[in-house]
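A short worksheet on the structure shown next.
The values are calculated or read from the model by the stated rules, or taken from the named source; none is laboratory data. For clarity, every value in this text was computed on a predicted model and none was experimentally measured. We place every Cβ from the backbone using ideal geometry, glycine too, and count neighbours over all the protein chains shown. Surface areas here come from the heavy atoms of the whole protein model, side chains and all, with no ligands, DNA or RNA. Shrake-Rupley method; radii C 1.70, N 1.55, O 1.52, S 1.80 Å.
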Amino acid sequence: FSSTSIYCCLKRNLDNMRTHVFIVNDSTFPSHLQYLFAGTGAYNQKRKIWLDEHIGLLSDIKRVREGDLVIFYIEASRKIKGGFYGIFKIAEQNPIVFHTPGESGFQPSLNTHKLIYRTLIIPYEVYSEGVPEWEVLDKLPVYSTDIQWSLIYRKLKGKRGCTPLLSWEAQRLMDIIRNKNQGRPIANTQSRAGFDWNKTNRRIITTKCQRRYPYPRRFDFDIFNALYELWKQGKAYESYLELYFTANIGIDNKLDAIVGNHPMWFGNQVACGMGMQKIDILTICKNKGEIEYRIIELKDEVVKPDIVEQMEYYINWASQKKGRHLDGALSRNIQPIVVAPKITKKLRANGTPSKRWDSIVKAFKSFNKMRLAKPILYFEFELGNRNIDFIKVGY
């Protein structure tokens, strides 16, 4: 592909088309359809309880924005065939994500499943018949680059309740759903019909009218306070830093220098291989007329020289000259970025801050000489009890 054709393809797919896959099962799916919401929850296997808070899940669902698309994935079991159903859209609302803890998390009629973080949806291009899991994940396409890697990695390495699809993955999945239904949706954005689930025929069906979501919609989690308190106590806070990014990309302009101006697409915990490697934040934006991929690594400790090995792995996974997982990703448009706490005497791990910094600079410059991507951008941050400030640091 030329950079121009890649841009046209991405522009068509990305405008208001960031797509998220939400996991449901045969007993919870009817409630999602009847009350038009999508939600996530976490069960602690060791303690045998459903949790009322989970920062990782919150980071995932805080990624959604009004107008993003939603596809549901019904988990397979010995008795139930898994499949993908849609297509819905995130509704205009405030707050866009709300918290439903306690016994309310089991409502409406979710039985043994608790969904603590939720967002409302509306019909977009809803099809009755879903696509069996095997057709999407197991049936090999002509080209390996057409494999739904994001969904395969999710299934192998962690059952996240809200998974981001890269734009071309989303387009392929939606096309499969459309083709399965001969391109005939049962509802669109103008539809006022309600929805339900026909378990016998395993189809989405319409009802006479939509049910109003009847439960409270509140969100009062203070991310700044959580970050500051963990930092003061010397505890790990990287997952909270990730939450700050997913909640504020495209909203807080102090992040623009890091994530790009108005990213067309962004995802968190983007799986990149059969191992446990995950890119903290990946954004796709336009820079000087060309698509740019920003691979962002977040740290809650002073950066170490070996960060460049991590970045090299991510870049090789992404590049069209190596792993070929990101369409059109080349050395000229992959931007590696490291975000870490400011180096101070308090944070030094060995030697003086200046010696520490010298070793980091040496590692960065050695990496840049390989020309695998653009030179690494490095940002430091300082935390206050009500703010976080990012500073680009030259080297």
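Scanning region 362-380 for residues that are of a type in the set (K, R) and out of contact with any strand residue (DSSP E or B) (no Cβ under 6 Å at 6 or more places or on another chain) turns up K362, K365, K369, R371.
Restricting to region 25-56, name every residue that is within 28 Å of R202 (Cα to Cα), assigned to a helix (DSSP H, G or I) and among the hydrophobic types (A, V, I, L, M, F, W, C). F29, L33, listed by residue number. Look at T206 and say whether it is surrounded by 15 or more Cβ atoms within 10 Å (Cβ to Cβ), over 30 Å from V339 (Cβ atoms) and free of Cβ contacts under 8 Å to residues at least 40 places away in the same chain. Against the criterion (surrounded by 15 or more Cβ atoms within 10 Å (Cβ to Cβ), over 30 Å from V339 (Cβ atoms) and free of Cβ contacts under 8 Å to residues at least 40 places away in the same chain), T206 qualifies. Screening the candidates T40, T28, T112 for the property of being closer than 28 Å to L137 by Cβ, polar (S, T, N, Q) and either touching a Phe, Trp or Tyr at 6+ places or on another chain (Cβ under 6 Å) or at pLDDT 95 or above (or both) yields one hit, T40.
The set of residues in region 230-245 being of a type in the set (D, E, K, R) and in contact with a Lys or Arg (Cβ under 9 Å, 6 or more places away or on another chain) consists of E238 alone.
Looking only at region 247-256, decide whether some residue is open to solvent by less than 40 Å² (accessible area, probe 1.4 Å), closer than 18 Å to I334 by Cβ, out of contact with any strand residue (DSSP E or B) (no Cβ under 9 Å at 6 or more places or on another chain) and not hydrophobic (A, V, I, L, M, F, W, C). No - not one qualifying residue is present in region 247-256. There is no residue in region 263-281 that is hydrophobic (A, V, I, L, M, F, W, C), open to solvent by 20 Å² or more (accessible area, probe 1.4 Å) and without any contact (Cβ under 8 Å) to a residue 24 or more places away in the chain. Regarding region 193-211, can at least one residue be identified that is at pLDDT below 95, in contact with a Phe, Trp or Tyr (Cβ under 8 Å, 6 or more places away or on another chain) and basic (K, R)? Looking through region 193-211, at least one residue is at pLDDT below 95, in contact with a Phe, Trp or Tyr (Cβ under 8 Å, 6 or more places away or on another chain) and basic (K, R). Inspection of region 107-114 identifies at least one residue that is in contact (Cβ under 8 Å) with a residue 40 or more places away in the chain, among the hydrophobic types (A, V, I, L, M, F, W, C), assigned to a loop (DSSP other than H, G, I, E, B) and within 13 Å of L33 (Cα to Cα). For region 57-72, enumerate the residues that are under 18 Å from D222 (Cβ atoms) and open to solvent by 10 Å² or more (accessible area, probe 1.4 Å). Scanning region 57-72 gives L57, K62.
Could you check region 240-262 and list, in sequence order, the residues that are in a helix (DSSP H, G or I) and either of a type in the set (D, E) or within 16 Å of the chain's Cα centre (by Cα) (or both)? Reasoning before the result, please.
Filtering region 240-262 down to residues in a helix (DSSP H, G or I) leaves 240-248, 253-259.
The answer is Y240, L241, E242, L243, Y244, F245, T246, A247, N248, D256, V259.
Given the options I80, I152, I176, I122, name the one that is among the aliphatic types (A, V, I, L, M) and at pLDDT 95 or above.
Working: I80 fails: at pLDDT 95 or above; I152 fails: at pLDDT 95 or above; I176 fails: at pLDDT 95 or above.
Criteria check complete, one pass: I122.
Taking the numbered list (1) small (G, A, S); (2) surrounded by 16 or more Cβ atoms within 10 Å (Cβ to Cβ); (3) farther than 30 Å from Y228 by Cβ in turn, A340 passes all entries but (3).
Here the condition is being touching a His at 6+ places or on another chain (Cβ under 6 Å), free of Cβ contacts under 8 Å to residues at least 60 places away in the same chain, within 22 Å of K369 (Cβ to Cβ) and not acidic (D, E); of A329, A318, it holds for A318 alone.
Mind telling me which of the residues E290, E301 ends up being among the acidic types (D, E) and open to solvent by less than 50 Å² (accessible area, probe 1.4 Å)? Please lay out each step first, then the result.
Numbers: E301 fails: open to solvent by less than 50 Å² (accessible area, probe 1.4 Å).
Of the residues listed, the single one that is among the acidic types (D, E) and open to solvent by less than 50 Å² (accessible area, probe 1.4 Å) is E290.
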